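See below for the structure under consideration.
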Amino acid sequence: YYADYQMNCRISSIMTLTAGLTENYIKVFSNFYGEHSGLNLAGFTQLELNLLSRLKFIAGVRIEQNSLDSNKDKIVPIFRSGVNWQVADYTFIRASFGQGYRYPSIAEKFATTTLGSVRIFPNPYVKLESGWSAETGLKQGIAFGELKGQVDISIFMSQNINMIEYLFGNYPDPVSPVEFSYGFMATNVESSRIYGTETEFSLTHSIGQFNTTISGGY
């Protein structure tokens, strides 16, 4: 059962406010997962500022709480922000920062099955994963006669804590804990960090009613 309410209010000529509430209730009856119920409640708001005709700021926060069966997780705030500056007619510079948060799924906590010779083990103690990501980039428009396009170059970095992955190992049997078997279990790894650069481009050329587009990235 899912419900979502969202409000958008233009406070002034330079300020817009978006806010809302979200509710998601799940009831599961399954031989694969067992019988469980989950609830996610969240409230969110975002403020957009257009201080100049070519400069835009965005900042927002989402506060949510998850519960599964009789266990309630802590209330978690999640922040995000960004800025976009149109330096010239076809040149844009941007920067953003955002936090991430994911509560373990019912499958990761309670799924137990055998797929051929591979076993899947439940892990009711798996923790939520969280992290953040940041990016800065430049988008440049291109125009040479009938040839038009754009180039986007960005630098990014993201970091995760308690990231959830299925790891292969020798785990106790959920029916008979004194017996061990090989298989996969959802497990929290300590942390992960990803950083790098990304380049994308697209070029479009029109001849009469025919449009040709070339795009790529690295």
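The values are calculated or read from the model by the stated rules, or taken from the named source; none is laboratory data. All values derive from a computational prediction rather than experimental measurement. Every residue, glycine among them, receives a Cβ derived from its backbone with ideal geometry; neighbour counts consider all protein chains shown. Just the protein is used for accessible areas: all its heavy atoms, side chains included, with ligands, DNA and RNA removed. Shrake-Rupley method; radii C 1.70, N 1.55, O 1.52, S 1.80 Å.
What are the pairs with Cβ atoms under 6 angstrom where one residue, in segment 195-218, is more than 11 Å from Glu146 (Cβ to Cβ) and the other, located anywhere, is open to solvent by 70 Å² or more (accessible area, probe 1.4 Å) and among the hydroxyl-bearing types (Ser, Thr, Tyr)? Sequence gap at least six, or different chains.
From segment 195-218, the pairs are Thr199/Tyr218; Ser202/Ser215.
May I ask you to list the residues in segment 127-142 that are assigned to a strand (DSSP E or B) and within 23 Å of Tyr166 (Cβ to Cβ)?
Correct list: Glu129, Ser130, Gly131, Ser133.
For segment 174-218, name all the residues that are among the aliphatic types (A, V, I, L, M) and open to solvent by 70 Å² or more (accessible area, probe 1.4 Å).
Across segment 174-218, the qualifying residues are Val175, Val178, Ile194, Ile207, Ile214.
Which members of segment 91-126 meet the condition of being without any contact (Cβ under 8 Å) to a residue 60 or more places away in the chain and part of a loop (DSSP other than H, G, I, E, B)?
Result: Ser105, Gly116, Ser117, Pro124, Tyr125.
Can you name the number of the only condition in (1) open to solvent by 50 Å² or more (accessible area, probe 1.4 Å); (2) in contact (Cβ under 8 Å) with a residue 24 or more places away in the chain that Glu129 fails?
So the condition that Glu129 fails would be (1).
Could you grab me the full set of residues in segment 154-168 that are open to solvent by 80 Å² or more (accessible area, probe 1.4 Å) and within 22 Å of Thr112 (Cβ to Cβ)?
Those that are open to solvent by 80 Å² or more (accessible area, probe 1.4 Å) and within 22 Å of Thr112 (Cβ to Cβ): Tyr166, Phe168.
As an exercise: evaluate Pro122 against (1) open to solvent by 70 Å² or more (accessible area, probe 1.4 Å); (2) under 29 Å from the mean Cα position of the chain (by Cα); (3) not small (Gly, Ala, Ser) and give the number of the one condition it does not meet.
Only one criterion in (1) open to solvent by 70 Å² or more (accessible area, probe 1.4 Å); (2) under 29 Å from the mean Cα position of the chain (by Cα); (3) not small (Gly, Ala, Ser) is unmet by Pro122, namely (1).
Please indicate, with yes or no, whether at least one residue in segment 41-56 is within 30 Å of Met185 (Cα to Cα), assigned to a strand (DSSP E or B) and either open to solvent by 50 Å² or more (accessible area, probe 1.4 Å) or at pLDDT 90 or above (or both).
Yes, segment 41-56 contains at least one residue that is within 30 Å of Met185 (Cα to Cα), assigned to a strand (DSSP E or B) and either open to solvent by 50 Å² or more (accessible area, probe 1.4 Å) or at pLDDT 90 or above (or both).
Using the structure shown, decide if Lys27 is surrounded by fewer than 16 Cβ atoms within 10 Å (Cβ to Cβ) and not in a strand (DSSP E or B).
no
Looking at segment 69-90, which of the residues that are part of a loop (DSSP other than H, G, I, E, B) and open to solvent by 60 Å² or more (accessible area, probe 1.4 Å) is modelled with the lowest pLDDT?
Taking the candidates together, the pick is Ser70.
If Tyr171 satisfies every condition in (1) buried (at least 16 other Cβ atoms within 10 Å of the Cβ); (2) free of Cβ contacts under 8 Å to residues at least 40 places away in the same chain but one, which is the exception?
(2)
Could you list, in sequence order, all residues of segment 58-68 that are open to solvent by 40 Å² or more (accessible area, probe 1.4 Å) and closer than 24 Å to Pro122 by Cβ?
Residue satisfying the conditions is Gln65 alone.
Which residues, counting only those in segment 179-218, are within 22 Å of Pro122 (Cβ to Cβ) and in a strand (DSSP E or B)?
If the condition is that a residue be within 22 Å of Pro122 (Cβ to Cβ) and in a strand (DSSP E or B), then Phe180, Ser181, Tyr182, Gly183, Phe184, Met185, Ala186, Thr187, Asn188 are the ones that fit.
Of the conditions (1) over 25 Å from Glu135 (Cβ atoms); (2) in a strand (DSSP E or B); (3) not charged (D, E, K, R), Ser176 satisfies every one except a single condition; which number is it?
Against the list (1) over 25 Å from Glu135 (Cβ atoms); (2) in a strand (DSSP E or B); (3) not charged (D, E, K, R), Ser176 comes up short only on (2).
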